[in-house]
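Here is the structure we will look at.
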Amino acid sequence: MSYVTLSLTLIFVLIPLVLSKTFKLGLEKDTLIAAVRSIIQLLAVGYVLQFVFDSKQMIYIVLMVLLMIVAATHNARKKGTSIKGITWKLFVTFVCIEVLTQAILLGLRITPPEAQYIISISGMVIGNSMVLGILFLNRFTAEVETNQKQTELILSLGGTPKQAIHTQLITAIKASTIPTIESQKTIGLVQLPGMMSGQIIAGADPVQAVLFQLLILFLLLTTAVTTSIMLGYLSYPTLFNERMQFLKENLAVEES
Amino acid sequence: MKDAALELKHVHFSVNGLHILKDITGVIPKGKITTLVGPSGAGKSTLFKLCNGLQTASSGDIYIKNKRIGSYEPTELRRLVGIALQEATMLSGSVMKNIAVPLTLQGKQMEKEEAAHLLEIVGLDQGFLNRDASDLSGGQRQRLSIARTLVNRPQTLLLDEITSSLDKVSQQDIEKLIVKINQEFGTTIIWITHNLEQAMSIGDYTWVMMDGELVETGPSDLLNNPSDARVKRFVKGEIE
């Protein structure tokens, strides 16, 4: 696709702008910012990726993945209602998910140890993990807030913090992972996944594209469940002290 | 003190610079019913949370059976000093599930006979076991809440305004139940109440708290003739 052709696609940005203006939706500014940001960010990433792929050096791959993790941590911390000290918990979760998935993929030689595979898959894994992290944190903090009396009841009857928070933790883990599982049930029927569509458009064999997409889908299942569970078990101890007392103040939203 | 169920020495509690409890010193006698009265915001419920270990005093010492509160494992302390709250919070599920919670938390199972016996103590028949806890009336919930606390066989039972939202009949039933628990099991009772008549008729002793301070203590009839000027106004209903 040439830059001239790309400029024609701006029609798809103009349509929501016109509609927003007509129906007084007030979305013009955000739409413009989103369009400009995606152009700049994606072009920049395109050039950076080209450099990393050409260099064939592992250090650049690691740096690129680290950059993704830092950006995901920053975004999840900003968007999700928070728990005291959540930044490092998010960071550790994303690092562990990345290490786990790449260890399986590279260790079992499912994908070759090449930049285009590692970076592309890492982007999908970390991105999915970030969304899951936000979903989990929002639900978990809401559950803890609304069920404070239940937490206090269990503590007062001689329960441990883990027992006192168990129901809220499980509810939040389930609620955050269900969208991933449910969307996979209708995949191919309702929507064609982005990566698969991209490969097909680029001229790849559709069956090969499907096989790769299946790999990603299975990977995202692991990512979803592992992210929520890890984040949950890293987060809940922050809500209690060593005397097993509930620390409501640690539920406060962090300044972004 | 030898016959103390609970002893407080210069207990302070503050949050964000706000002094909620100020220099509380006093003894709760073992095996007796002590009522805790005072206007809203006096710090009564906070004092309970300190005694049950749900919060820790900013300074001062609390002794349970002559042992510093901090020397108990939190779970052990909370089983020793049970607490029942006004809201009588229930977990979703049956009465059986709710009454068994203290044992479930210890990884044990409660036999149906034991659950039925506990319900009988609090005046509920065993037909309640399979009912959903959310379907119970206010009085029944309070009874179940007390029965659930009794599962841990606490030596001291803290009751936080457990009758304030109940009708007169349910209120009297709960009063009888508490006296029965105190007499049959020798459980020390500390009862927060806004009802001064109840404090005098049920309590052996009374603590009057105001603005985070313990202003007067003694046998419950002190409420008939308090010596502190603020307590006099409170008893007359001039301070709420």
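Taking the criterion of being within 14 Å of the chain's Cα centre (by Cα) and among the aliphatic types (A, V, I, L, M), the residues of region B:190-231 that qualify are B:Ile190, B:Ile192, B:Ala199, B:Ile202. Restricting attention to region A:78-88, which residues are within 16 Å of A:Arg139 (Cβ to Cβ) and assigned to a helix (DSSP H, G or I)? Passing the criteria: A:Lys79, A:Ile86. When restricted to residues that are within 13 Å of chain A (Cβ to nearest Cβ) and in contact (Cβ under 8 Å) with a residue 24 or more places away in the chain, region B:59-74 contains 1. Which of the residues that make up region B:154-208 are of a type in the set (Asp, Glu), under 24 Å from B:Val231 (Cβ atoms) and exposed (fewer than 14 other Cβ atoms within 10 Å of the Cβ)? Within region B:154-208, B:Glu197 is the sole residue that qualifies. Among the residues that make up region A:139-148, is at least one of them farther than 24 Å from A:Lys78 by Cβ and within 14 Å of chain B (Cβ to nearest Cβ)? Looking through region A:139-148, at least one residue is farther than 24 Å from A:Lys78 by Cβ and within 14 Å of chain B (Cβ to nearest Cβ).
For region A:11-54, a residue qualifies if it is surrounded by 11 or more Cβ atoms within 10 Å (Cβ to Cβ) and either touching a residue at least 40 places away in the same chain (Cβ under 8 Å) or not in a helix (DSSP H, G or I) (or both), and the qualifying residues are A:Leu25, A:Leu27, A:Leu49, A:Val52, A:Phe53.
For (1) acidic (Asp, Glu); (2) surrounded by 15 or more Cβ atoms within 10 Å (Cβ to Cβ); (3) more than 10 Å from chain A (Cβ to nearest Cβ), each residue gets a yes or a no:
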residue: B:Asn16; (1), (2), (3): no, no, no
residue: B:Asp23; (1), (2), (3): yes, yes, yes
residue: B:Ser45; (1), (2), (3): no, yes, yes
residue: B:Lys108; (1), (2), (3): no, no, yes
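Of all residues in region B:114-161, those satisfying the criterion of being in contact (Cβ under 8 Å) with a residue 60 or more places away in the chain and either more than 14 Å from every other protein chain (Cβ to nearest Cβ) or among the polar types (S, T, N, Q) (or both) are B:Ile121, B:Ser145, B:Thr149, B:Asn152, B:Gln155, B:Thr156, B:Glu161.
Results for (1) touching a Gly at 6+ places or on another chain (Cβ under 9 Å); (2) crowded, with 21+ Cβ neighbours inside 10 Å; (3) under 28 Å from B:Thr46 (Cβ atoms), shown as yes or no for each residue.
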position	(1), (2), (3)
B:Ser71	no, no, yes
B:Ala84	no, yes, yes
B:His117	no, no, no
B:Asn130	no, no, no
B:Arg141	no, yes, yes
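Quick note: the coordinates plus some simple rules give every number you see, no bench work behind them. This one's a predicted model, so the numbers in the text were calculated from it and none came from an experiment. Cβ: placed from backbone, ideal geometry, glycine included. Neighbour counts: every protein chain shown.
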